[in-house]
Amino acid sequence: MVKMDSKNLESRVQKLCREVRELSLGSNGEIDRLEGPLVPIRFLREYVMPGKPCIITGAVNHWKALQLWSNHYLASVLRDQDVSIYFTPNGFADSVVDLQEMHSQFNCQLEKTENEEDEVSFSKQQINDRCVGNDLTAEEPRFWFVTSHVEKIPFPEALREIVEVNKSGRGVAYAQHQNNCFLSEFGLLASDAEVHIPWATEAFGGLPEAVNLWIGNEKGVTSFHKDHYENMYVMVAGEKHFTLLPPVDVHRLYVRSYPSASFKRSQDGKTFSIEKNLPIAMVPWASVDPYPSALKEEHAIKLFPRYFQGELPFTCTLKAGEILYLPSMWFHHVMQTPDMEGRTIAINYWYDMQFDIKYAYFNFLDSFDCANGTSSSLSDL
Ligand SMILES: O=C(O)CCC(=O)C(=O)O
């Protein structure tokens with residue numbers, strides 16, 4: 001019997017990651033491309049059951065959305081519709097934010113809490129200890145998990161905020177409401193696409209739990225995270241660039257618990273502040289930004305060696321008319337390139353995942369802290 005010190009555990013986890021690639025995912029970082037629509041049983045056997053992503057081309061060519069959805073058409077169909085829009089100063093929604101950087105680049109600061117007692121569910125020491133990069137002697141933690149400022153505004157105004165991002169100086173707008181919004185706020189567009197993907201519905205054994213519409217621009221970045229859904233992600237306009245890691249690679253993302261807060265945008269839309277969510281709640285989130293600026297690269301490699309020195313992540317660019325099958329629990333980071341009209345548009349279908357043996361294995365793996373060789377969960381507090 002081998003005693004599990006941290007080095008031992010680390011090398012066994014690395015071996016597990018390599019083996020998963022060798023046995024089912026491949027190790028060149030490429031995603032299979034297939035001509036669709038797919039036969040459900042083949043999709044189920046070759047991709048859903050092994051939990052392997054793929055890109056399906058030619059399966060939505062019949063959608064009117066691909067031809068019809070100019071900015072003019074969208075603004076006309078949705079002229080009287082209010083929609084939820086998510087604003088950030090820098091385009092990074094729901095991600096780990098460095099307060100020092102926010103202050104120096106966007107003059108955006110953490111607001112003081114009126115009643116300190118509202119905060120005390122976790123001590124500052126506890127918060128600092130859990131996060132990567134915090135100075136243990138500082139008054140406040142430096143890194144926070146920050147969500148967007150959300151407003152419901154008329155669609156034509158929302159679209160202007162998105163496509164005129166470089167002119168407005170009013171932060172970065174992203175239509176990324178996820179509550180089945182394609183069938184609610186954007187329901188007037190539903191007949192231009194489909195409310196489910198028939199062959200995927202057959203493979204998954206039921207209709208999607210939620211269908212969401214995403215309209216963004218080149219500044220909008222979605223940070224590494226995972227979802228408890230099977231995801232059929234359809235690109236309608238522009239391109240999205242996905243960086244993917246399988247669930248078995250969870251330790252490479254240095255998931256830590258961060259105190260949570262939200263951006264608040266001023267009424268004129270020109271300035272942002274950060275408001276703590278009270279009482280302070282800790283949110284487990286991936287610490288790695290896979291594309292740090294040149295200035296931050298060396299530091300990032302030192303801080304996150306398991307990510308930057310490990311196996312290549314899987315990457316792909318999804319173009320209009322293509323579908324990405326993103327298996328449940330895969331970590332994904334998303335960037336975008338708009339089309340000639342200055343926007344990206346996507347619709348995604350979230351199907352229920354099976355909470356089965358793979359899910360149980362993942363939780364077991366996630367419960368080990370490789371750095372210490374202990375079994376205290378990185379994500380629990
Ligand atoms: O398109 C994006 O920006 C993010 C998509 C995503 O996270 C998802 O579909 O789960």
*Top mean-square fluctuation among Gln267, Gln336, Gln354, Gaussian network model of the chain, C-alpha springs under 10 Å?*
Gln267
*Return the FRET efficiency for the residue pair Val150, Met49: r is the Cβ-Cβ distance, R0 is 30 Å, and the value is rounded to the nearest 0.05.*
0.20
*Quote the charge dipole size of the chain about the Cα centre in Debye, to the nearest 20; the model charges only the Cβ of Lys and Arg (+1) and of Asp and Glu (-1).*
760 debye
*Can you work out ³J(HN,Hα) from phi for every residue in region 205-216, in order, using Karplus 6.51 cos²θ - 1.76 cosθ + 1.60 and θ = phi - 60°, giving whole Hz and x for Gly and Pro?*
x, x, 5, x, 6, 8, 10, 10, 10, 10, 10, x
*List the DSSP H helices in the chain whose Cα atoms stretch 20 Å or more along the helix axis and whose mean Kyte-Doolittle hydropathy is at least -1.0.*
6-20
*With all distinct Cα pairs included, what does the Kirkwood hydrodynamic radius of region 1-47 come out to in Å, to one decimal, could you say?*
13.5 Å
*Could you work out the per residue convex hull volume over the alpha carbons of region 255-371, in cubic angstrom?*
221 Å³
*What FRET efficiency would be calculated for the residue pair Leu278, Asn107, taking the C-beta separation as r and a Förster radius of 25 Å, to the nearest 0.05?*
0.60
*Hey, got a sec? Which trypsin sites (Lys or Arg not before Pro) in region 213-277 land in a DSSP loop and have at most 16 other Cβ atoms within 10 Å?*
Lys270
*trypsin sites (Lys or Arg not before Pro) within region 1-97, DSSP loop, no more than 16 other Cβ atoms inside 10 Å*: Lys3, Lys64, Arg79
_region 176-269 - Kirkwood radius from inverse mean 1/r over Cα pairs (Å)_ = 16.6 Å
*Return the sequence-ordered ³J(HN,Hα) values of region 33-50 in whole Hz as given by the Karplus equation 6.51 cos²θ - 1.76 cosθ + 1.60 applied to θ = phi - 60°, using x for Gly and Pro.*
10, 10, 7, x, x, 8, 6, x, 5, 5, 4, 5, 6, 8, 10, 5, 5, x
*For the pair Gln267 and Ser367, how long in nm is the line joining their label points, each one 7 Å along Cα→Cβ?*
5.3 nm
*asked:* Please list, in order, the residues from region 239-254 whose amide nitrogen is less than 17 Å from a point placed 7 Å along the Cα→Cβ vector of Tyr359.
replied: 247-248
*Using modelled amide H (1.01 Å from N, peptide plane; none on Pro or chain starts), what sits under 5 Å from the amide H of Asp369, excluding residues fewer than 5 places away?*
Thr374, Ser375, Ser376
_Cubic angstrom per residue, convex hull over Cα atoms of the chain_ = 152 Å³
*Going by C-beta contacts inside 10 Å, put Thr57, Thr147 in order with the fewest on the left.*
Thr57, Thr147
*asked:* Run the simple label-point estimate for Ser184 and Glu140 please: 7 Å along Cα→C-beta, distance reported in nm.
replied: 3.2 nm
*For Asn277, list long-range residues whose amide hydrogen, built 1.01 Å from N in the peptide plane, is under 5 Å from its own amide hydrogen.*
Ser260, Ala261, Ser262
_Under-5 Å amide H pairs with Glu322, H placed in peptide plane, nonlocal only_ = Met235
_Selection of GluC sites (Glu not before Pro), region 31-112, meeting DSSP coil and at most 15 other Cβ within 10 Å_ = Glu111
*So what are the ³J(HN,Hα) numbers for region 244-257, from phi and the Karplus equation (6.51, -1.76, 1.60; θ = phi - 60°), rounded to whole Hz, Gly and Pro as x?*
10, 10, x, x, 5, 8, 3, 5, 6, 9, 6, 5, 9, 8
_Please report the antiparallel percentage of DSSP beta bridges with both residues in the chain, rounded to the nearest 5._
85 percent
_Pairwise centroid distance, computed over Cα atoms, of region 247-297 with region 16-47, Å_ = 31 Å
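Every number in this text was worked out from the coordinates using simple rules, so none of it is lab data. Computed from a predicted structure; not experimentally measured. Methodologically, a virtual Cβ is constructed for each residue, glycine included, from the backbone with ideal geometry; neighbour enumeration extends over all protein chains shown.
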